[in-house]
Amino acid sequence: MGPRVSDTGRVRSAPKRWMSGAVVMALLGLAPSAAANPLSYHEHDGFLLRLSLGAGSMLLERDTTGQAVDFDGSSSIEGGAMFAEIVLATTVWPGVAIGGSLGNYVQASPVLKVDTDVPRELAEELTIVLLGPTVEYYPWPSDGWNLAFTLGRAAADVPASPGSPVEKLGGDGWGASLAAGHEWWVGDEWSAGVRATMMIANLDTETRSEGRLFAEDDLVAGAALVFTLVYQ
């Protein structure tokens, strides 16, 4: 019985030694393949942070009524502008992230063009802001092609020229933006790329000054090409 027990013990211990060796060999075999393809884990999921900066153009079409002689009727401000945006979102479905966006167009030296008068240079910069919920979409979560749509509150603001019965031009209302672009992975969770973005908004405001009521309706449009940096 003694030799049989010993033989049985050796037979039973052999599979254990073989399995241990197989596990070690498997781990050693997987290690080189993972090191050879370090980008295999890149995928757009989880928390998303987007920072964008670029340049483009913007247009503010104004239609005013009231007793403000300098600004009655139609007028406009247009020209080049800088654009910046920050997006915070979280992935709710593969390739789909929902969150909030703050986009901002700034024109440093706006010129007001009035239908019945010569253009007027305004003393301070024109700012147009769009703030609201946004959807970021990657059709292929591991690739860089992407789309985004934002719908929210918009506002335009620029101080009026000296002598005007109103303090500022612009108003607030609703707006929307659409963006499309492509990014390339530059780190474990970071990607960088370019995007084209455009926005449109309808704004209005009413101001009472010295007992007089001034109303303004605005159509705002903007477009920009931006560099974008994404953490996701």
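The values are calculated or read from the model by the stated rules, or taken from the named source; none is laboratory data. Only a predicted model underlies this, so the values are computations on that prediction, with no experimental measurement involved. Note that each Cβ is placed from the backbone with ideal geometry, even for glycine, and that neighbours are counted across all protein chains shown.
Worth a mention:
- Among the residues listed as Leu49, Leu88, Leu53, Leu27, the single one being farther than 21 Å from Asp217 by Cβ and at pLDDT below 90: Leu27
- Top-ranked residue in region 128-172 [being among the polar types (S, T, N, Q) and closer than 23 Å to Gly193 by Cα; ranked as modelled with the lowest pLDDT]: Ser142
- Hey, Asp172 farther than 20 Å from Thr91 by Cβ and surrounded by fewer than 19 Cβ atoms within 10 Å (Cβ to Cβ) or not: yes
- Of the residues in region 126-133, not one is more than 18 Å from Ile200 (Cα to Cα) and aliphatic (A, V, I, L, M).
- Scanning region 136-153 for residues that are touching a His at 6+ places or on another chain (Cβ under 9 Å), assigned to a strand (DSSP E or B) and surrounded by 15 or more Cβ atoms within 10 Å (Cβ to Cβ) returns Glu136, Asn146.
- Scanning region 71-101 for residues that are touching a Lys or Arg at 6+ places or on another chain (Cβ under 8 Å) and either outside the structural domain of Phe149 (by TED's automatic domain parsing) or over 13 Å from Glu136 (Cβ atoms) (or both) returns Phe71, Ser74, Ser75, Ser76, Ile77, Glu78.
- Failed item in (1) over 17 Å from Ala223 (Cβ atoms); (2) surrounded by fewer than 16 Cβ atoms within 10 Å (Cβ to Cβ), with Leu178 passing the rest: (1)
- Here is the figure for region 94-114: residues that are over 26 Å from Gly170 (Cβ atoms), modelled with pLDDT under 95 and among the hydrophobic types (A, V, I, L, M, F, W, C) total 0.
- Odd one out for Asp117, checked against (1) at pLDDT below 95; (2) farther than 20 Å from Ile200 by Cβ; (3) assigned to a strand (DSSP E or B): (3)
- Only one of the listed residues (Thr205, Thr197, Thr228) is touching a strand residue (DSSP E or B) at 6+ places or on another chain (Cβ under 8 Å) and without any contact (Cβ under 8 Å) to a residue 40 or more places away in the chain. That residue is Thr205.
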